[in-house]
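*Asks:* Okay, here's the structure, questions in a sec.
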Amino acid sequence: MRTTTAPVIRLKNYTPPAYTITHVDMDVSLAAEDTVVTTTMKVVRQAGTPTSAPLVLDGDELSLDGLWINGDKADDANYSTTPVELKIHRLPETAAFDVTIRTRLAPVKNTKLMGLYQSSGVFCTQCEAEGFRRITYFLDRPDVLAVYKVRLEADKATCPILLANGNPGEAGELPDGRHFAVWHDPHPKPSYLFAMVGGDLDVLSDTFTTASGRHVDLNIYVETGKAAQAAYAMDALKRSMVWDELEYGCEYDLEVFNIVAVSDFNMGAMENKGLNVFNDKYVLADADLATDADFANIEAIIAHEYFHNWTGNRITCRDWFQLCLKEGLTVYRDQEFSADQRSRAVQRIQQVRWLKSGQFPEDAGPLAHPVRPSAYKEINNFYTATVYQKGAELVRMIATLIGPEAYRAGTDLYFERHDGEAAVVEDFLKCFEDAAGVDLSQFARWYEQAGTPNVDVEEEWDAGSCKYTLVLRQHTPPTPGQQSKKLVPIPVRFGLMGSDGSDIEPRTRSSAVKDDVIVLTRRETKVTFTGLKTKPTPSLLRGFSAPVKLNFAETQASRLFRAEHDSDLFNRWEALDGYGLSLLSDDATGGSSFTEKDREAFVLALCKTALDDSIEPQFRANALSLPNEMAVARNIGKNVDPAIVQQSRSALLKSIGRQLGKRGLDLMTKLDTDPNADDLAASGERALKYSLLPFLLVSGVEGAHNLAQSQFVQAKTMTDRMGALSAIVHFSGDEVMSEQCLEAFYDRYEDNDLVLNTWFTLQAMVPNAAGLERFERLLDHPKFSLNNPNRARSLLGPFAANNPTAFYANGAKGATLFAQQIMTLDDKNPQIAARLLTVISSYRVFKAPISDAVTEALRTIRAKEPLSIDVQEIVDSLLS
Ligand code: PHE
Ligand code: ZN
């Protein structure tokens with residue numbers, strides 16, 4: 001559709017559907033060029049709808065091949081079509097009637113990967129958010145819930161596997177080498193959860209018995225020859241099923257749970273009822289092919305999609321504005337699952353890292369929107385870090401505010417009250433209000449208001465009366481379209497540390513304090529503590545108890561004290577990270593807030609942590625990963641010169657490397673790598689090992705160069721191989737060795753698409769003009785393609801998002817090249833084009849000549865004809 005006419009959809013205009021559909025019976029004959037879909041739907045007129053009201057069904061790029069009402073062929077005069085709808089005018093007067101629609105599709109030509117498409121020859125579907133309307137005309141909205149029966153037929157040789165939602169039914173042979181299979185899903189569901197698959201796939205099977213004794217067959221379907229690579233995913237699935245029973249009382253509700261992994265997929269994975277479809281990146285793994293980080297992602301995403309069975313499928317969303325209702329809650333659930341399976345503190349550090357690098361910039365820039373947006377043009381643009389990650393933080397805050405028992409009572413009530421329904425955020429909040437006897441009306445503002453609240457903290461110590469006072473003030477900066485902000489409740493988990501570093505039992509009469517949480521509901525909250533002998537050191541926002549920016553003029557000494565002694569491990573990490581960020585920002589702006597002594601103290605503290613064997617290795621690895629260039633640039637906020645940021649960062653890396661010296665090298669050699677990739681202790685050691693290596697290489701520690709090379713050559717796992725390779729390419733300064741290793745890696749994995757993506761990503765991060773040149777060369781590499789979303793993302797994403805010295809080199813030529821790719825991609829797959837474009841949303845922090853070049857590149861994109869609504873909506877925001 002022409003972009004200039006794209007309508008704005010608004011939450012306030014929601015109206016219930018005039019008709020609903022209760023039953024869907026589909027007959028699908030799969031063929032690459034000509035798939036025939038015959039759908040019979042039982043349509044029910046809703047109370048209050050006059051019989052004269054037409055039935056308006058959604059459609060997108062469909063070709064209508066036949067229409068029947070109650071089995072009678074419809075008269076041409078009885079209906080009309082536009083590119084986006086089918087309108088049926090004269091309908092039977094009975095409250096319910098059948099509509100049968102036949103459409104013909106060419107899945108092989110579907111490059112948008114929405115609706116029915118082919119991925120490496122496998123037929124598969126993606127219907128969230130509005131893909132079902134690309135299969136048949138339908139009331140394609142989440143508040144229309146129907147029971148589906150699907151009969152699939154296809155050529156048996158090329159499509160031996162035929163799957164759809166629900167439980168398997170009849171199956172059998174047909175003439176001409178074809179066969180069929182019937183699937184029946186007894187649970188009413190919205191059309192976005194519909195899925196079907198046909199293809200030649202291998203399977204890894206297992207079984208699970210639920211708490212109440214239901215037997216479930218588990219199957220993971222993958223490309224032929226790769227079933228063994230699904231073993232970790234299967235293990236993660238079974239652990240997720242147990243966890244959801246224990247933690248939420250949620251049991252699985254069908255006879256089978258199927259997962260299909262495909263190589264062309266727009267997102268991570270999709271929770272279709274009983275038939276999850278996954279990007280194969282989040283299924284396939286073994287120690288030789290996947291890094292430890294890949295394993296952790298697989299675990300989290302398998303859990304996430306499985307958990308959607310209750311939070312998303314059994315209880316779904318009334319409309320797409322409520323997306324956070326299923327996504328925020330489900331992310332919170334998968335985060336807690338990972339925290340229980342792994343190290344809770346490390347998981348929290350990684351979640352917050354992601355929130356700060358992905359969501360905070362969204363809230364601070366032109367794409368800012370509330371967790372529950374109030375308007376959109378293209379819903380696919382709202383699968384954002386704000387809806388997902390900040391949405392999860394809101395659920396986490398509810399749990400913090402009411403406590404774990406009341407939280408569980410609230411979710412129990414939610415499942416009991418809304419099972420089988422399409423709900424709204426208010427329904428969800430009401431369950432916690434009723435279960436906990438609290439008022440969440442002020443809390444509801446968190447869902448309406450964009451922007452990251454700031455919390456400014458001041459302290460007062462009255463030595464005479466031994467009173468210690470904290471003054472906390474909140475304010476949320478304006479965001480596009482939301483100038484003035486309301487106050488929100490902010491839970492600040494805290495501790496007061498005594499001079500020996502241990503926590504003091506806080507004594508206060510303040511009503512804002514509940515156990516170890518201060519709840520800020522007003523603009524200013526003052527809390528006075530008594531009975532202290534000396535001035536305590538406050539540790540605030542422990543565990544990152546709220547998604548806010550904390551401004552506390554803490555001394556560097558106090559930060560280091562907390563880094564060493566805080567009983568909250570998350571805050572120990574935060575103290576170091578915050579120190580590093582301020583130091584780097586100060587350096588890069590020629591500031592003078594840090595003395596040479598402050599700098600040395602930081603380097604010493606970091607090295608001490610890195611070398612302290614009493615702390616878990618994965619935590620130490622996180623402490624060592626300094627804020628990246630973009631984090632520093634955003635923290636500075638304006639007129640940033642990427643080259644200067646880079647210089648400051650390299651200088652700090654060198655100082656740390658020199659301080660680590662031989663001890664760092666000895667530690668590296670001592671950290672053994674157990675080739676068992678799913679051994680958590682071993683993976684922690686590997687993480688530490690490869691976080692040390694860059695420091696040793698940049699500072700030229702003797703032996704580091706050789707060690708890097710031998711680690712690469714003798715690597716027993718992909719984590720070793722990638723850890724060594726990336727350190728060599730980015731930090732050794734040895735171009736000959738870098739090229740040799742890159743080539744060796746390429747030769748070994750040339751035919752493995754997933755691994756090859758990491759080869760592209762690694763090079764997309766090569767800095768400066770050399771990185772720009774390399775990027776340009778890689779765009780022409782025979783293995784680079786915009787047709788596969790993973791491949792497109794692997795090169796374009798990191799280059800534009802996280803490599804500012806290359807992106808902005810040569811007058812920001814990277815921006816021009818990037819824009820060209822986005823425009824080409826827009827014609828194939830607008831959803832991916834728009835999503836990739838969002839990664840440059842912080843461009844305005846850079847100094848004028850280079851950020852102006854980005855504006856120019858964006859204007860070029862805006863002028864493209866035709867331009868998808870997806871990209872138009874993002875470009876317009878980025879330019880506004
Ligand atoms: N609902 C999916 C998830 O978060 C994400 C998704 C959205 C996948 C749209 C495909 C299309 O689990
Ligand atoms: Zn999800």
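The values are calculated or read from the model by the stated rules, or taken from the named source; none is laboratory data. None of the values given here were measured: they were computed from a predicted structure. Reconstructed Cβ throughout: ideal geometry from the backbone, glycine too, with neighbour counts over all protein chains shown.
*Asks:* So which of Asn272, Asn297 is within 13 Å of ligand 2 (Cβ to nearest atom) and polar (S, T, N, Q)?
*Replies:* None of the other options fit; the residue is Asn272.
*Asks:* Tyr332 is checked against (1) within 11 Å of ligand 1 (Cβ to nearest atom); (2) within 24 Å of Gln350 (Cα to Cα) and fails just one. What number does that condition carry?
*Replies:* Tallying (1) within 11 Å of ligand 1 (Cβ to nearest atom); (2) within 24 Å of Gln350 (Cα to Cα), Tyr332 fails exactly one: (1).
*Asks:* Assuming Leu772 fulfils every condition listed in (1) crowded, with 21+ Cβ neighbours inside 10 Å; (2) closer than 21 Å to Lys670 by Cβ; (3) in contact (Cβ under 8 Å) with a residue 40 or more places away in the chain apart from one, which condition is it?
*Replies:* (2)
*Asks:* Further, regarding this structure: Taking the conditions exactly as written (surrounded by fewer than 18 Cβ atoms within 10 Å (Cβ to Cβ), within 16 Å of ligand 2 (Cβ to nearest atom) and within 30 Å of Asn110 (Cα to Cα)), does Gly225 satisfy them or not?
*Replies:* no
*Asks:* Can you tell me which residue is surrounded by the most Cβ atoms within 10 Å (Cβ to Cβ) among those in the range 476-515 that are outside any strand (DSSP E or B), under 29 Å from the mean Cα position of the chain (by Cα) and of a type in the set (D, E, K, R)?
*Replies:* For the range 476-515, the residue satisfying everything is Lys485.
*Asks:* State which residue pairs qualify: first residue at positive phi and inside the range 402-420, second residue assigned to a helix (DSSP H, G or I) in any location, beta carbons under 8 Å apart, and separation of 6 or more residues or different chains.
*Replies:* Final answer for the pair search is Gly403/Ala436.
*Asks:* Cβ contacts < 6 Å: first residue among the hydrophobic types (A, V, I, L, M, F, W, C), restricted to the range 121-143; second residue away from ligand 1 (no atom under 16 Å from the Cβ) and part of a loop (DSSP other than H, G, I, E, B), any location; separation 6+ or different chain. Result?
*Replies:* Qualifying pairs under 6 Å: Phe123/Leu30; Leu139/Pro17.
*Asks:* Do you know which residues across the range 149-173 are assigned to a loop (DSSP other than H, G, I, E, B) and away from ligand 1 (no atom under 16 Å from the Cβ)?
*Replies:* Lys156, Ala157, Thr158, Cys159, Pro160, Gly166
*Asks:* Condition check: in contact (Cβ under 8 Å) with a residue 24 or more places away in the chain and away from ligand 2 (no atom under 13 Å from the Cβ). Does Arg333 satisfy that?
*Replies:* So Arg333 fails the test.
*Asks:* Further question: Tell me, which residue of the range 366-396 that is more than 15 Å from ligand 1 (Cβ to nearest atom) and surrounded by fewer than 20 Cβ atoms within 10 Å (Cβ to Cβ) is farthest from Asp577 (Cα to Cα)?
*Replies:* Per the stated criteria, the residue is Lys377.
*Asks:* Can you confirm whether Pro160 is assigned by TED's automatic domain parsing to the domain that holds Cys127, surrounded by fewer than 22 Cβ atoms within 10 Å (Cβ to Cβ) and more than 24 Å from Phe278 (Cβ to Cβ)?
*Replies:* No, not satisfied.
*Asks:* Condition (residue is more than 16 Å from ligand 1 (Cβ to nearest atom), under 15 Å from the mean Cα position of the chain (by Cα) and not in a loop (DSSP other than H, G, I, E, B)) applied to the range 337-346: is it met by at least one residue?
*Replies:* For the range 337-346, residues more than 16 Å from ligand 1 (Cβ to nearest atom), under 15 Å from the mean Cα position of the chain (by Cα) and not in a loop (DSSP other than H, G, I, E, B): absent.
*Asks:* Considering only the range 660-711, state which residues are under 22 Å from Gln350 (Cβ atoms) and polar (S, T, N, Q).
*Replies:* Thr673, Asn676, Ser683, Ser691
*Asks:* For the range 506-538, which positions are within 14 Å of Ile490 (Cα to Cα) and among the β-branched types (Val, Ile, Thr)?
*Replies:* Val513, Val517, Ile518, Val519, Thr521, Thr525
*Asks:* Name, by its number, the condition in (1) in a helix (DSSP H, G or I); (2) within 16 Å of ligand 2 (Cβ to nearest atom) that does not hold for Glu362.
*Replies:* Going through (1) in a helix (DSSP H, G or I); (2) within 16 Å of ligand 2 (Cβ to nearest atom) one by one, Glu362 breaks only (2).
*Asks:* With respect to Trp320, is the statement that it is aromatic (Phe, Trp, Tyr), within 13 Å of ligand 1 (Cβ to nearest atom) and at pLDDT 95 or above true?
*Replies:* yes
*Asks:* Look at Thr51 and say whether it is within 16 Å of ligand 1 (Cβ to nearest atom) and surrounded by fewer than 18 Cβ atoms within 10 Å (Cβ to Cβ).
*Replies:* no
*Asks:* Let me ask something else about it. So, of the residues in the range 248-299 that are more than 15 Å from Leu204 (Cβ to Cβ) and β-branched (Val, Ile, Thr), which turns out to be surrounded by the fewest Cβ atoms within 10 Å (Cβ to Cβ)?
*Replies:* Restricting to residues being more than 15 Å from Leu204 (Cβ to Cβ) and β-branched (Val, Ile, Thr), the top hit is Thr291.
*Asks:* Here's something else I'd like to know. State whether the residues of the range 440-454 include one that is more than 16 Å from ligand 1 (Cβ to nearest atom), touching a residue at least 12 places away in the same chain (Cβ under 8 Å) and part of a strand (DSSP E or B).
*Replies:* yes
*Asks:* Of the numbered conditions (1) surrounded by fewer than 18 Cβ atoms within 10 Å (Cβ to Cβ); (2) more than 25 Å from Leu284 (Cα to Cα), Arg748 fails exactly one; give the number of that condition.
*Replies:* Exception for Arg748: condition (2).
*Asks:* Also: Looking at the structure I just gave you, is Asp288 more than 19 Å from the chain's Cα centre (by Cα) and away from ligand 2 (no atom under 16 Å from the Cβ)?
*Replies:* In short, yes.
*Asks:* I've got another one for you. Taking the range 125-148 as the search range and keeping residues that are farther than 17 Å from Glu85 by Cβ and more than 22 Å from the chain's Cα centre (by Cα), which one is farthest from ligand 1 (Cβ to nearest atom)?
*Replies:* Val147
*Asks:* Right, next: Taking the range 228-269 only, how many residues are hydroxyl-bearing (Ser, Thr, Tyr), over 22 Å from the mean Cα position of the chain (by Cα) and either within 16 Å of ligand 2 (Cβ to nearest atom) or in a helix (DSSP H, G or I) (or both)?
*Replies:* Of the residues in the range 228-269, 1 are hydroxyl-bearing (Ser, Thr, Tyr), over 22 Å from the mean Cα position of the chain (by Cα) and either within 16 Å of ligand 2 (Cβ to nearest atom) or in a helix (DSSP H, G or I) (or both).
*Asks:* A further question follows. With the condition kept exactly as written, say whether any residue in the range 667-682 is more than 33 Å from the chain's Cα centre (by Cα) and not polar (S, T, N, Q).
*Replies:* yes
*Asks:* Let me ask another. Which of the following residues is within 30 Å of Asn266 (Cβ to Cβ), within 16 Å of ligand 2 (Cβ to nearest atom), in contact (Cβ under 8 Å) with a residue 60 or more places away in the chain and of a type in the set (D, E, K, R): Lys189, Lys149, Lys112?
*Replies:* Checking each option against the conditions leaves just Lys189.
*Asks:* Kindly indicate the residue of the range 300-329 that is charged (D, E, K, R) and within 15 Å of ligand 2 (Cβ to nearest atom) and also nearest to the chain's Cα centre (by Cα) among those meeting that condition.
*Replies:* Once the filter is applied, the top-ranked residue is Glu327.
*Asks:* So, one more: Any residue in the range 147-154 that is assigned by TED's automatic domain parsing to the domain that holds Val28, of a type outside the set (Ser, Thr, Tyr) and farther than 24 Å from Val256 by Cβ?
*Replies:* Within the range 147-154, none of the residues are assigned by TED's automatic domain parsing to the domain that holds Val28, of a type outside the set (Ser, Thr, Tyr) and farther than 24 Å from Val256 by Cβ.
*Asks:* Further question: Evaluate the range 213-223: report whether one residue or more is away from ligand 1 (no atom under 16 Å from the Cβ), closer than 26 Å to Thr35 by Cβ, modelled with pLDDT of 95 or more and of a type in the set (D, E, K, R).
*Replies:* Yes, there is a match, as at least one residue in the range 213-223 is away from ligand 1 (no atom under 16 Å from the Cβ), closer than 26 Å to Thr35 by Cβ, modelled with pLDDT of 95 or more and of a type in the set (D, E, K, R).
*Asks:* Could you check the range 277-317 and list, in sequence order, the residues that are part of a helix (DSSP H, G or I), of a type in the set (D, E, K, R) and away from ligand 1 (no atom under 15 Å from the Cβ)?
*Replies:* Residues satisfying the conditions are Asp292, Asp294.
*Asks:* Just the residues that are assigned to a loop (DSSP other than H, G, I, E, B) and either surrounded by fewer than 24 Cβ atoms within 10 Å (Cβ to Cβ) or in contact with a Phe, Trp or Tyr (Cβ under 6 Å, 6 or more places away or on another chain) (or both), please, taken from the range 181-198.
*Replies:* Result: Phe194, single match.
*Asks:* Just name the residue that is surrounded by the most Cβ atoms within 10 Å (Cβ to Cβ) out of those in the range 54-101 that are aromatic (Phe, Trp, Tyr) and under 18 Å from Val44 (Cβ atoms).
*Replies:* The selected residue is Phe97.
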